[in-house]
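Each remark here refers to the structure printed beneath this line.
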């Protein structure tokens with residue numbers, strides 16, 4: 001115990017925050033990033049990334065029961081969760097969570113039924129539009145389109161099911177999640193109408209009182225080789241889902257789908273060139 005206390009103080013951690021295990025809270029239905037299967041397994045792109053990072057963590061990961069994001073965030077505020085995946089930083093969340101660099105980025109889109117003409121959010125004033133409760137995009141669309149009748153729902157599946165049942169006129173969700181639900185949950189009869197101007201750079205979030213955990217996650221992401229990263233992305237994200245966008249946005253989106261490691265590699269190459277260039 002004395003050694004653990006010394007280690008904690010050296011890392012700038014409070015003595016009571018040496019972890020015997022890391023409590024990871026998975027989202028119940030945010031495929032393809034993290035979701036619970038019908039058999040009760042937790043799977044997804046973010047789970048594969050986390051598995052690759054586990055060897056570099058000081059404590060074993062305890063996976064908590066899957067829940068909607070709103071419940072996870074409430075538990076995190078109470079200090080009952082150490083680690084969350086697939087999360088976008090926001091000022092509100094940053095009050096009690098810290099974030100790693102993003103490991104994938106996708107756009108949020110407007111989805112409507114195929115039986116109606118494609119619409120834009122500016123045309124849906126006073127119309128019922130579903131959005132995930134507590135999702136980062138919720139605050140964005142509420143502020144940008146205050147005249148829309150926003151309906152907060154537990155997850156994207158609930159939103160799309162409500163859309164197909166006629167309870168909502170449209171849904172705002174990230175395009176990877178929509179594509180996943182169309183394949184895995186047999187969601188049919190819907191179409192992407194527009195990109196809403198909001199992207200999801202998804203990160204791991206951890207309790208602000210656990211900086212050592214954050215450093216271990218960041219080091220692991222930096223060391224994860226590009227081939228492994230891309231293999232994980234290709235397994236879970238249908239790149240054809242982005243074909244609705246015009247050429248300019250599609251080019252930007254492909255750049256966005258590159259992981260943070262590409263940016264890190266570019267910075268490393270620049271630093272190396274500077275070291276090789278003689279001083280004037």
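The values are calculated or read from the model by the stated rules, or taken from the named source; none is laboratory data. Everything numeric here is computed off the predicted structure, so don't read it as measured data. Cβ sites come from the backbone with ideal geometry, for glycine too, and all protein chains shown count toward neighbours.
For segment 86-141, enumerate the residues that are in the same structural domain as residue 195 (by TED's automatic domain parsing), in a helix (DSSP H, G or I) and more than 28 Å from residue 229 (Cβ to Cβ). Within segment 86-141, 121, 122, 123, 138, 139, 141 qualify. Looking at 148, 109, just one residue is farther than 30 Å from residue 222 by Cβ, free of Cβ contacts under 8 Å to residues at least 40 places away in the same chain and surrounded by 20 or more Cβ atoms within 10 Å (Cβ to Cβ), and that residue is 148. Hey, does segment 184-199 have a residue that's in a helix (DSSP H, G or I) and either modelled with pLDDT under 90 or in the same structural domain as residue 140 (by TED's automatic domain parsing) (or both)? There is at least one residue in segment 184-199 that is in a helix (DSSP H, G or I) and either modelled with pLDDT under 90 or in the same structural domain as residue 140 (by TED's automatic domain parsing) (or both). The residue of segment 117-142 that is farthest from the chain's Cα centre (by Cα), among those that are more than 20 Å from residue 152 (Cβ to Cβ) and without any contact (Cβ under 8 Å) to a residue 40 or more places away in the chain, is 117. For residue 21, the requirement of being at pLDDT 90 or above, in contact with a strand residue (DSSP E or B) (Cβ under 8 Å, 6 or more places away or on another chain) and loosely packed, with under 15 Cβ neighbours inside 10 Å is met. If only residues of segment 60-79 that are part of a loop (DSSP other than H, G, I, E, B), modelled with pLDDT of 95 or more and surrounded by 16 or more Cβ atoms within 10 Å (Cβ to Cβ) are counted, the one that is farthest from the chain's Cα centre (by Cα) is 64.
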